[in-house]
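The values are calculated or read from the model by the stated rules, or taken from the named source; none is laboratory data. Treat the numbers as computed from the prediction; the structure is a model and nothing was measured. FYI the Cβ positions are ideal-geometry reconstructions off the backbone, even for glycines, and counts take in every protein chain you see.
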Amino acid sequence: MDTVGTRIMIVDDEEIVRVSLGNWLKEDGHEVMLAASGLEALQMLEDRICDIMLLDLKMPRMSGLEVLAKVKTSKPGIQVLMMTAYASVETAVDAMQKGAYDYLVKPFEPEELKILIKRVMEKQALQQENVALKQRIEDAFGTDEIVGECPAMKTIFQLVRDVAASNSTVLITGESGTGKELIAKAIHANSDRKYMPFVPVSLGALPETLVESELFGHQKGAFTGATYARRGRFELADGGTLFLDEIGDLSPKAQVDLLRVLQESKFTRIGGTREVSVDVRIVAATNRDLRQMVKEGQFREDLFYRFNVVSIELPPLRERGDDIVLLAQRFLREFASKTNKPIKGFSNEALAIIRGYDWPGNVRELENAVERAFVVVKGEVIKSNHLPFNIRSREEQADSRSLKAVEKHHIRRVLAETGWNISQAAKALEIDRVTLYNKIKKYDIQEET
Ligand SMILES: Nc1ncnc2c1ncn2[C@@H]1O[C@H](COP(=O)(O)OP(=O)(O)OP(=O)(O)O)[C@@H](O)[C@H]1O
Ligand SMILES: [Mg+2]
């Protein structure tokens with residue numbers, strides 16, 4: 001196994017140790033980073049991540065154990081090897097319980113270090129393989145590709161598993177972009193129907209005249225344009241799951257038709273006479289408040305109860321705590337694995353902004369934001385300035401409430417919105433172009449890259 005090219009950071013307050021270890025490792029073809037203190041090490045990791053860290057246990061100010069704890073929480077992918085004097089081997093063992101991979105007792109031979117590094121690399125490779133394998137299996141069958149560690153999501157996953165086994169109709173609600181379709185697929189993938197089709201229909205996207213034929217199909221010549229017979233989604237989903245998306249957009253007529261099918265499990269194609277009966281499991285979704293619509297007479301109460309046998313309410317992303325960060329990291333990994341860009345992660349500041357933003361567009365918005373940052377970034381770490389403007393501008397806004405700051409912020413936003421088209425921006429701001437130029441200069445506003 002090839003261990004050359006591994007990036008190793010040496011953290012030791014003694015220069016002689018840093019230099020001699022560094023030389024050994026460089027000779028073996030590794031890339032080396034040197035830090036004289038725990039603090040320096042953590043700072044360096046903000047910009048560049050290493051694969052392995054050789055960490056001295058006893059250092060002034062921040063001890064090796066403290067550094068270890070920080071690394072394990074913020075950069076869990078780094079494998080840490082502790083270095084210790086013989087007298088503190090006990091502490092080194094303690095460090096292993098806290099997540100260090102192994103320890104070396106000073107002084108040690110180059111050979112000893114080599115063997116250990118090789119073992120770490122093998123372990124990392126194996127871990128990556130396992131993750132890839134697990135991912136493949138889950139992509140095919142499972143719900144585990146869905147990120148969710150917060151209590152609300154865990155409850156939902158349990159509900160998905162419970163309800164999947166039954167044939168009950170499920171109504172999934174939640175703001176736009178919260179993962180309703182993903183949950184619908186998970187229900188299907190966990191059910192006995194998983195080898196049969198999952199058929200989505202987006203009712204909101206269909207013009208009213210097409211809803212009926214889309215759902216129920218039509219016979220040849222049933223209406224102008226029906227030049228051939230066509231099976232509807234109900235038939236296509238036979239034996240499987242029909243995902244009725246955006247049911248809040250159903251017209252009154254379509255509501256009646258649908259209610260009949262749900263009651264009788266039978267329908268006729270448009271222009272047809274023969275009744276078709278199907279075995280379909282219905283999962284419906286909406287981002288609208290159906291109860292309210294029922295109250296206002298826009299949605300049939302009987303249909304609502306037909307759908308709402310089991311209901312799953314997806315919380316907005318902003319209420320999912322650390323899931324926000326987990327999702328951001330997941331998306332980044334996904335984008336990175338599709339390209340060859342060597343991105344290692346987010347800076348702490350970028351993560352703090354991501355965590356603090358309120359994500360009105362939920363998971364979809366987060367996914368887009370991470371993608372955009374991924375495209376823009378040149379180095380290995382995504383920093384706050386790579387995040388989309390509207391997301392990070394909240395942070396900047398909080399910096400200052402002075403009129404000047406607000407003006408600067410506002411101009412910057414308008415410029416970003418107009419793609420730095422000065423004429424357009426000046427027009428939107430209702431000032432002339434020269435004034436705008438002067439303000440750009442005065443506030444030192446620069447175009448995003
Ligand atoms: N918990 C999650 N883990 C991983 N990916 C997720 C999660 N939730 C949503 N996504 C991803 O976010 C995107 C939006 O999800 P989805 O289309 O299911 O949302 P939706 O609620 O149906 O949105 P809309 O109401 O706008 O139709 C998809 O790319 C989906 O894969
Ligand atoms: Mg959807």
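Key figures for this structure:
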{"read-out": "Residue within segment 344-367 that is among the basic types (K, R), buried (at least 18 other Cβ atoms within 10 Å of the Cβ) and more than 16 Å from ligand 2 (Cβ to nearest atom) present", "value": "yes"}
{"read-out": "Single condition R288 does not satisfy, out of (1) in a loop (DSSP other than H, G, I, E, B); (2) more than 37 Å from the chain's Cα centre (by Cα)", "value": "(2)"}
{"read-out": "Leading residue by the ranking (farthest from ligand 2 (Cβ to nearest atom)) among those in segment 115-148 that are at pLDDT 65 or above and small (G, A, S)", "value": "A125"}
{"read-out": "Verdict on E246 being buried (at least 18 other Cβ atoms within 10 Å of the Cβ) and at positive phi", "value": "yes"}
{"read-out": "Where I172 falls short, out of the listed (1) more than 16 Å from ligand 1 (Cβ to nearest atom); (2) closer than 30 Å to E296 by Cα; (3) touching a Lys or Arg at 6+ places or on another chain (Cβ under 6 Å)", "value": "(1)"}
{"read-out": "Subset of segment 335-393 [of a type in the set (K, R) and free of Cβ contacts under 8 Å to residues at least 24 places away in the same chain]", "value": "K338, R372, K378"}
{"read-out": "Residue identified as modelled with pLDDT under 90 and among the β-branched types (V, I, T) among V4, V80", "value": "V4"}
{"read-out": "Residue under evaluation E214, criteria (1) in contact with a Ser or Thr (Cβ under 8 Å, 6 or more places away or on another chain); (2) not in a strand (DSSP E or B), criterion not met", "value": "(1)"}
{"read-out": "Residue match in segment 210-221 (condition: surrounded by fewer than 17 Cβ atoms within 10 Å (Cβ to Cβ) and touching a strand residue (DSSP E or B) at 6+ places or on another chain (Cβ under 9 Å))", "value": "yes"}
{"read-out": "Cβ pairs under 9 Å, 6+ apart, first in segment 194-205 and touching a residue at least 24 places away in the same chain (Cβ under 8 Å), second within 11 Å of ligand 2 (Cβ to nearest atom) and in a helix (DSSP H, G or I)", "value": "F198/A184; F198/K185; P200/E181; P200/A184; P200/K185"}
{"read-out": "Single condition Y305 does not satisfy, out of (1) exposed (fewer than 14 other Cβ atoms within 10 Å of the Cβ); (2) within 16 Å of ligand 1 (Cβ to nearest atom)", "value": "(2)"}
{"read-out": "Residue tally, condition within 15 Å of the chain's Cα centre (by Cα), in a helix (DSSP H, G or I) and either under 18 Å from E46 (Cα atoms) or among the polar types (S, T, N, Q) (or both), over segment 371-398", "value": "2"}
{"read-out": "Where N190 falls short, out of the listed (1) surrounded by fewer than 19 Cβ atoms within 10 Å (Cβ to Cβ); (2) away from ligand 1 (no atom under 12 Å from the Cβ); (3) polar (S, T, N, Q)", "value": "(1)"}
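Residues checked against (1) within 17 Å of T173 (Cα to Cα); (2) modelled with pLDDT of 95 or more; (3) assigned by TED's automatic domain parsing to the domain that holds F374:
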{"site": "A285", "(1), (2), (3)": "yes, yes, no"}
{"site": "V294", "(1), (2), (3)": "yes, yes, no"}
{"site": "V309", "(1), (2), (3)": "yes, no, no"}
{"site": "I324", "(1), (2), (3)": "no, yes, yes"}
{"site": "F335", "(1), (2), (3)": "no, no, yes"}
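This table checks each residue for (1) among the hydrophobic types (A, V, I, L, M, F, W, C); (2) within 16 Å of ligand 2 (Cβ to nearest atom); (3) assigned by TED's automatic domain parsing to the domain that holds R161.
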position: Y195; (1), (2), (3): no, no, yes
position: V201; (1), (2), (3): yes, yes, yes
position: L210; (1), (2), (3): yes, no, yes
position: S213; (1), (2), (3): no, no, yes
position: H218; (1), (2), (3): no, no, yes
position: T227; (1), (2), (3): no, no, yes
position: R230; (1), (2), (3): no, no, yes
position: F234; (1), (2), (3): yes, no, yes
position: A237; (1), (2), (3): yes, no, yes
